[in-house]
Amino acid sequence: MSNMIQCCRMQMPRVNEKEILRYARCPKADEQTLLLMCTCVNEAAAVCTGRACFAVLDCAVRDDVCDFGLFSVKSKDLAKNLTGCNRAVLFAATLGMEIDRLIEKYQKLSPAKAVMMQAIGAERIEAACDVFCRDLEKIGKQRPRFSPGYGDVKLDVQKDFFRILQPEKHLGLYLNESLLMSPS
């Protein structure tokens, strides 16, 4: 199975400050908050490296069941998204462990910096996934990204993703018993 897994690095785009502030829940930031964000962005930029592992799987949709050969998912939402598709890309992405280490460090030293680092991490992983998906568009039309936990797709589908993609081996990305990923 691992011979069908491919890995890549994503060229990280410029940060979207508006998105960072949205994730930090401060859409109307004052000068002090903007300075904090800029300081944190500069520190995080040195450690955020977008990486992914992925596999292209056959896909068949019957009613509300999406069959990917190696596993299937019962979901009306996903079936609607994939109707008409005969292949799907299954992927996992990470920024690496260092951003989590910064968040943990600042939880002890500066809660404001911890919140900002968490917001930067959220914006950066979404940006990395967007880059990955844009790169896929070069080889064919695609549907919107859909993840376990979206719509009616149960979060425990992540177990199948991890079984197939083996992101522990390829990316150092782990899934715990509570279905939380590490790095987060």
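The values are calculated or read from the model by the stated rules, or taken from the named source; none is laboratory data. All values derive from a computational prediction rather than experimental measurement. Every residue, glycine among them, receives a Cβ derived from its backbone with ideal geometry; neighbour counts consider all protein chains shown. Heavy atoms of the whole protein, side chains included, go into the accessibility calculation; ligands, DNA and RNA do not. Shrake-Rupley method; radii C 1.70, N 1.55, O 1.52, S 1.80 Å.
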(message) I want the local charge near R145. Using Cβ-Cβ distances under 10 Å, sum +1 for each Lys or Arg and -1 for each Asp or Glu among the other residues.
(response) -1
(message) Counting heavy atoms of the protein chains only and a 1.4 Å probe, report the per residue accessible area for region 1-87 as a whole number of Å².
(response) 66 Å²
(message) Suppose we keep just the alpha-carbon trace of the chain; what are its Rg and Dmax in angstrom?
(response) 17.8, 54
(message) Rounded to the nearest 20 debye, what is the charge dipole size of the chain about its Cα centre when +1 sits on each Lys and Arg Cβ and -1 on each Asp and Glu Cβ?
(response) 200 debye
(request) With a length cut of 15 Å (Cα positions projected on each helix's long axis) and a Kyte-Doolittle mean of at least 0.5, go through the chain and give me the DSSP H helices that pass. (result) 31-45
(message) Out of the total accessible area of the chain (probe 1.4 Å, heavy atoms of protein only), what percent is carbon and sulfur?
(response) 51 percent
(request) Output the peptides 90-97, 109-116 sorted from most to least packed, where packing is the average of other Cβ atoms within 10 Å over each peptide's residues. (result) 90-97, 109-116
(request) Might you report the magnitude of the Cβ-based charge dipole of region 42-136 about its Cα centre, with Lys and Arg at +1 and Asp and Glu at -1, to the nearest 20 debye? (result) 140 debye
(request) Choose one of I103, G84, F161: the residue whose Cα lies farthest towards the positive end of the charge dipole of the chain (beta-carbon charges +1 Lys, Arg; -1 Asp, Glu; about the Cα centre). (result) G84
(request) Please give the per residue accessible area of region 107-184, computed with a probe of 1.4 Å over protein heavy atoms only, in Å². (result) 58 Å²
(message) For a quick check, take a GNM of the chain with Cα springs below 10 Å and name the residue from Q142, Q107, Q32 with the largest mean-square fluctuation.
(response) Q32
